[in-house]
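*Asks:* My structure is below; once you've seen it, I'll send some questions.
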Amino acid sequence: MNSFNGKQELLDSYKYDFNLRHDNPEYCRACEQATANPPPITLRVEKNMFILRIEDSDYVKNLMNDKHDGFAVEIVPFDDYMCGNPAYYTKPSRRNKQLMLNGKILKPLFRNDLYNGYKKRQKKKDVKFVQYIFKNDSVSFFKRFGKYKLDRFNSEYFEISLGKVPKDINGPWAHNLVYIQDEQICHIDYFTNYCGKVMEEYQSVDFIPRTADDQCTLRPEQRFLHFNIPFEQGKSEFTKRDINPFTQSISNLSYDIDSVHIQAYSSVEGDSIINKNLQIQRSKNIANVLKQNQNKETKVRITASTDWSGFYQSVSKNPKWKYLSSMSKDQVTNELSKIGPDKIETFLKEERRGEIDLYCTITVNDKNLNYFLTKEINRIQHEIDSLTFVRQPVKETLEEFRLLYECIHSKVAQKKLDAEFLASVKMPRVYHINHPLIQDFIMYGYEYKEAFKKNREWKENLKTDESYLQTNCSEPSHILPEYQFMLIRNSIDDYRAKKLSDFNALQNLLDRLIALEGFYQSDSIAQLNIERLNFNINVLLLNTVFIREPVKFSSNALKSIAQLQQFYEKHQQANAARLINLGRTAVYFDQVFHAIELMNPYANNDSILAYIMPLEYQQDTTVEAIEWYQSLIVLSDKMDLNMWCNMFLDECKIPFQAFDYGPLRNIFCEKCIEENDFIGKLIWKKESVRSK
């Protein structure tokens, strides 16, 4: 058989188990009214037991007007729906409208059995027995005695076990909730296993550094160097290598030579004219070496002479040659020609030299930053120490230090200095007096963590400094917005790492974020990153707080999801994958209709359709339900066939009871026997059992 044609669509005279009937629909009027607007209801399998939970206990009370009113579980086997099984058409069932059941019913629980399902009960003080029995309402007088037991208390929700899963069930199966009114089967609730999953995608948040004026007040330094360069006999050429040992103190600095004075001396034994020319040549060569790499014209003054004064002074100290000190210059010259200059070379070589006076300016530029900043740091710290020692106010000097510290940070940010230089700056002992300086010190350490790992002071004082600021900076104006932003950013990272669940703490973070409105409005980078922080706090709320009680926090979760959606849309990050993640999150928090609404703009995407269509599944015969079945059939020709076929049967997919609608089952059986993974596993499993 392949249709219901010829089957009589009338309820048969049938004897159900447990004396249940379907012959008097008048008894089902109250059930029809109550189930028109039901609260959240779940019927789950837990530890092999069927657990019914209804979030509104009054919903149950309104249904339980008679001692034969209650609930039961219906178990429906998949075999009846398998393609090719004629039982789908021939077996009396709801499909062919011959019975109220499609499967086997478990033992019902009636009103008196359900009493223990009312959880967190509180007795009503204003419900008096006599008044209750004789009050005027629609419940008959004789039914009020049993109902009084339920109505005299309030309860937060209803939850009860409806029995064990039978051991003799073979193959896949589904379960439904059966409503019973005065032993009549009145209504069936179907349960679709919507698979939700809370998204855990966080936004990367930039560190926002302090922006400070980098115009440090650094002044050029005048430097004077005096040094002697010995002249080797007969040598007149000089190189930088010859000069460097004498300019070592400024060799690592950038400087401008303002002027050079070279006094060249020759020894007394040679020809004075030749000697003078040689000394001038030597002096010029030395001046040329010094002027190398200089950008401006350097003033050079050269003088040359014979060092008679030095000669007389040297020989006068030596007993052997002291007699020469009493001779005139001509006599000395004659005497040296007789004895030979080599005899007193020790004295003569000391006279052959150039005495150099070098006047230069250490310029303020990037190369000299280390030098000048170190010099300024030492100067200010020394001044602070001196003032502290004599107990004088240090407020102004400490502020000067802070401005210099911020300048150093700006140079590091511009890559004109290494971060290690910033990390090496020691704080004055009284730095806690200046609140902005403490905040700078803390923030720079977070910004350049690798460099500050070597800063023992920063590591040891961090928590103390943060605590000190929290205690002593009661005025919001005392806290820098970048510092407040950084604290919130660090707190979120900490909560993420530890998976902390604290609603009040996260709410406090949101409040602090709102307090940064001025900072948010003033800077586009701050605006983007504050929005990212807000995004991350909402993801944290979903994953650590709301996730614990999804139904209770459903409306809160919806607000967080809306903010995540707004962020995606504002920053052009919305796409099918992200919208599916938001949809799954909404489903997890029992917001199925919102999930559908959220993803609808992307419903031309197959992956979106494959998730939306199971969410829209309704197991009834209303016009809307029929339209859904028909639209699903239309999609079988539009969607990727494998994706369409795998919207059915497996966990979190369209359940097999949707095949109560015959045309849908026919299309599935025609197209999907080889495409559907669930059917493939089932056939493989059966073949495997047969082979054994």
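The values are calculated or read from the model by the stated rules, or taken from the named source; none is laboratory data. It should be emphasised that the depicted structure is a prediction, and the values quoted were computed from it without experimental measurement. Positions of Cβ are generated from backbone atoms using ideal geometry, with glycine treated the same way; all protein chains shown enter the neighbour counts. Ligands, DNA and RNA are stripped out before the accessible areas are found, and what is left, the full protein with its side chains, is counted by its heavy atoms. Shrake-Rupley method; radii C 1.70, N 1.55, O 1.52, S 1.80 Å.
*Asks:* Is it the case that ASN455 is buried (at least 19 other Cβ atoms within 10 Å of the Cβ) and either without any contact (Cβ under 8 Å) to a residue 24 or more places away in the chain or over 24 Å from the mean Cα position of the chain (by Cα) (or both)? Please lay out each step first, then the result.
*Replies:* Numbers: buried (at least 19 other Cβ atoms within 10 Å of the Cβ): yes; either without any contact (Cβ under 8 Å) to a residue 24 or more places away in the chain or over 24 Å from the mean Cα position of the chain (by Cα) (or both): yes.
In short, yes.
*Asks:* Also, quick follow-up: Among the residues of region 628-658, what is the count of those that are at pLDDT below 90 and open to solvent by 70 Å² or more (accessible area, probe 1.4 Å)?
*Replies:* Qualifying residue count, region 628-658: 1.
*Asks:* Right, something else. Looking only at region 596-624, count how many residues are in a helix (DSSP H, G or I) and either in contact (Cβ under 8 Å) with a residue 24 or more places away in the chain or touching a strand residue (DSSP E or B) at 6+ places or on another chain (Cβ under 9 Å) (or both). Spell out the reasoning first.
*Replies:* Initial filter on region 596-624 (in a helix (DSSP H, G or I)): 596-602, 606-615, 623-624.
Adding the requirement that they be either in contact (Cβ under 8 Å) with a residue 24 or more places away in the chain or touching a strand residue (DSSP E or B) at 6+ places or on another chain (Cβ under 9 Å) (or both) leaves 598, 602, 606-615.
Total satisfying the criteria: 12.
*Asks:* So the check is Cβ under 7 Å with 6+ separation or different chains; which pairs have a first residue in region 417-430 that's under 9 Å from ALA451 (Cα atoms) and a second one that's of a type outside the set (Val, Ile, Thr) and surrounded by fewer than 18 Cβ atoms within 10 Å (Cβ to Cβ)?
*Replies:* Close Cβ pairs satisfying both conditions: PHE421/ASN370; ALA423/LYS454.
*Asks:* Further, regarding this structure: Hey, can you tell me all the residues within region 195-218 that are of a type outside the set (S, T, N, Q) and either free of Cβ contacts under 8 Å to residues at least 12 places away in the same chain or buried (at least 17 other Cβ atoms within 10 Å of the Cβ) (or both)? Walk me through how you get there before you give the answer.
*Replies:* Taking region 195-218 first, the residues of a type outside the set (S, T, N, Q) are 195-202, 205-210, 212-214, 216, 218.
Selection gives GLY196, VAL198, MET199, VAL205, ILE208, PRO209, ARG210, ALA212, CYS216, LEU218.
*Asks:* Could you tell me which residue of region 580-605 is farthest from the chain's Cα centre (by Cα), considering only residues that are open to solvent by 50 Å² or more (accessible area, probe 1.4 Å) and not aromatic (Phe, Trp, Tyr)? Please lay out each step first, then the result.
*Replies:* Filtering region 580-605 for residues open to solvent by 50 Å² or more (accessible area, probe 1.4 Å) gives 581, 584, 588, 590, 593, 597, 600-602, 604-605.
Now restrict to residues that are not aromatic (Phe, Trp, Tyr): 581, 584, 590, 597, 600-601, 604-605.
Working: ASN581: 17, ARG584: 21, ASP590: 26, GLU597: 28, ASN600: 28, PRO601: 28, ASN604: 31, ASN605: 29 Å.
Top of the filtered list is ASN604.
*Asks:* Additional query: Yes or no: ILE280 in contact (Cβ under 8 Å) with a residue 12 or more places away in the chain, among the β-branched types (Val, Ile, Thr), part of a strand (DSSP E or B) and open to solvent by less than 70 Å² (accessible area, probe 1.4 Å)?
*Replies:* Details: in contact (Cβ under 8 Å) with a residue 12 or more places away in the chain: yes; among the β-branched types (Val, Ile, Thr): yes; part of a strand (DSSP E or B): no; open to solvent by less than 70 Å² (accessible area, probe 1.4 Å): yes.
No; evaluated as a whole, the condition is false for this residue.
*Asks:* Return the total of residues in region 332-389 being open to solvent by 20 Å² or more (accessible area, probe 1.4 Å), over 24 Å from LYS411 (Cβ atoms) and part of a helix (DSSP H, G or I).
*Replies:* The total comes to 19.
*Asks:* Collect the residues in region 542-585 that are in a helix (DSSP H, G or I) and β-branched (Val, Ile, Thr), keeping them in residue-number order.
*Replies:* Just the residues of region 542-585 that are in a helix (DSSP H, G or I), to begin with: 542-548, 554-570, 576-585.
Correct list: THR544, VAL545, ILE547, ILE561, ILE580, THR585.
*Asks:* Which of the residues spanning region 564-579 are on the phi < 0 side of the Ramachandran plot and surrounded by fewer than 15 Cβ atoms within 10 Å (Cβ to Cβ)? Before you say what the answer is, go through the steps one by one.
*Replies:* Looking only at region 564-579, we keep the residues that are on the phi < 0 side of the Ramachandran plot, and these are 564-571, 573-579.
Hits for region 564-579 are GLN566, GLU569, LYS570, HIS571, GLN573, ASN575, ALA577.
*Asks:* Within region 13-22, which residues are surrounded by fewer than 11 Cβ atoms within 10 Å (Cβ to Cβ) and modelled with pLDDT under 90? Break it down into steps so the answer makes sense when it comes.
*Replies:* Let us first name the residues in region 13-22 that are surrounded by fewer than 11 Cβ atoms within 10 Å (Cβ to Cβ), namely 13, 15, 19.
If the condition is that a residue be surrounded by fewer than 11 Cβ atoms within 10 Å (Cβ to Cβ) and modelled with pLDDT under 90, then SER13, LYS15 are the ones that fit.
*Asks:* Taking region 73-96 only, how many residues are assigned to a loop (DSSP other than H, G, I, E, B), in contact (Cβ under 8 Å) with a residue 60 or more places away in the chain and either open to solvent by less than 20 Å² (accessible area, probe 1.4 Å) or basic (Lys, Arg) (or both)?
*Replies:* The initial filter retains those residues of region 73-96 that are assigned to a loop (DSSP other than H, G, I, E, B), namely 82-86, 91-96.
Okay, now just the ones that are also in contact (Cβ under 8 Å) with a residue 60 or more places away in the chain, so 83-84, 86, 92, 94-96.
The next check asks that each one be either open to solvent by less than 20 Å² (accessible area, probe 1.4 Å) or basic (Lys, Arg) (or both); those that pass are 94-96.
Number of matching residues: 3.
*Asks:* (1) part of a loop (DSSP other than H, G, I, E, B); (2) touching a residue at least 40 places away in the same chain (Cβ under 8 Å): which one isn't true of PHE659, the others all being true?
*Replies:* Among (1) part of a loop (DSSP other than H, G, I, E, B); (2) touching a residue at least 40 places away in the same chain (Cβ under 8 Å), the lone unmet condition for PHE659 is (1).
*Asks:* Right, next: Do we find that GLU55 is open to solvent by less than 90 Å² (accessible area, probe 1.4 Å), at pLDDT below 90 and either acidic (Asp, Glu) or within 14 Å of VAL178 (Cα to Cα) (or both) in this structure? Steps first, please.
*Replies:* Numbers: open to solvent by less than 90 Å² (accessible area, probe 1.4 Å): yes; at pLDDT below 90: yes; either acidic (Asp, Glu) or within 14 Å of VAL178 (Cα to Cα) (or both): yes.
Yes; evaluated as a whole, the condition is true for this residue.
*Asks:* How many residues are modelled with pLDDT under 85 and part of a loop (DSSP other than H, G, I, E, B) when one looks only at region 469-498? Before the answer, list the steps.
*Replies:* As a first pass, look at region 469-498 and keep what is modelled with pLDDT under 85: 470-478.
From the residues that got through so far, the ones that are part of a loop (DSSP other than H, G, I, E, B) too are 473-475.
Residues in region 469-498 being modelled with pLDDT under 85 and part of a loop (DSSP other than H, G, I, E, B): 3 in total.
*Asks:* Then there is this: Residue pairs, Cβ under 6 Å, 6 or more apart or interchain, first in region 254-276 and free of Cβ contacts under 8 Å to residues at least 60 places away in the same chain and farther than 27 Å from GLN294 by Cα, second of a type in the set (Gly, Ala, Ser) and crowded, with 17+ Cβ neighbours inside 10 Å. List them.
*Replies:* If the second residue must be of a type in the set (Gly, Ala, Ser) and crowded, with 17+ Cβ neighbours inside 10 Å, the pairs left are ASN275/SER266; LYS276/ALA304.
*Asks:* Based on what the data block shows, is LEU177 assigned to a strand (DSSP E or B), open to solvent by less than 60 Å² (accessible area, probe 1.4 Å) and at negative phi?
*Replies:* Working: assigned to a strand (DSSP E or B): yes; open to solvent by less than 60 Å² (accessible area, probe 1.4 Å): yes; at negative phi: yes.
The answer is yes for LEU177.
*Asks:* Cβ-Cβ below 6 Å, separation at least six or inter-chain, first residue in region 637-653 and within 18 Å of ALA603 (Cα to Cα) and free of Cβ contacts under 8 Å to residues at least 60 places away in the same chain, second in a loop (DSSP other than H, G, I, E, B) and aliphatic (A, V, I, L, M): which pairs?
*Replies:* LYS653/MET647
*Asks:* A further question follows. ASP113 - would you say it is at pLDDT 90 or above, more than 30 Å from TYR89 (Cα to Cα) and either in contact with a Leu (Cβ under 9 Å, 6 or more places away or on another chain) or not in a strand (DSSP E or B) (or both)?
*Replies:* Working: at pLDDT 90 or above: yes; more than 30 Å from TYR89 (Cα to Cα): yes; either in contact with a Leu (Cβ under 9 Å, 6 or more places away or on another chain) or not in a strand (DSSP E or B) (or both): yes.
So ASP113 passes the test.
*Asks:* Scan region 290-325 residue by residue and report those that are part of a loop (DSSP other than H, G, I, E, B) and either modelled with pLDDT of 85 or more or surrounded by 11 or more Cβ atoms within 10 Å (Cβ to Cβ) (or both). Working first, answer last.
*Replies:* The initial filter retains those residues of region 290-325 that are part of a loop (DSSP other than H, G, I, E, B), namely 292-298, 307, 316-321.
GLN294, THR298, ASP307, SER316, LYS317, ASN318, PRO319, LYS320, TRP321 - these are the residues of region 290-325 that are part of a loop (DSSP other than H, G, I, E, B) and either modelled with pLDDT of 85 or more or surrounded by 11 or more Cβ atoms within 10 Å (Cβ to Cβ) (or both).
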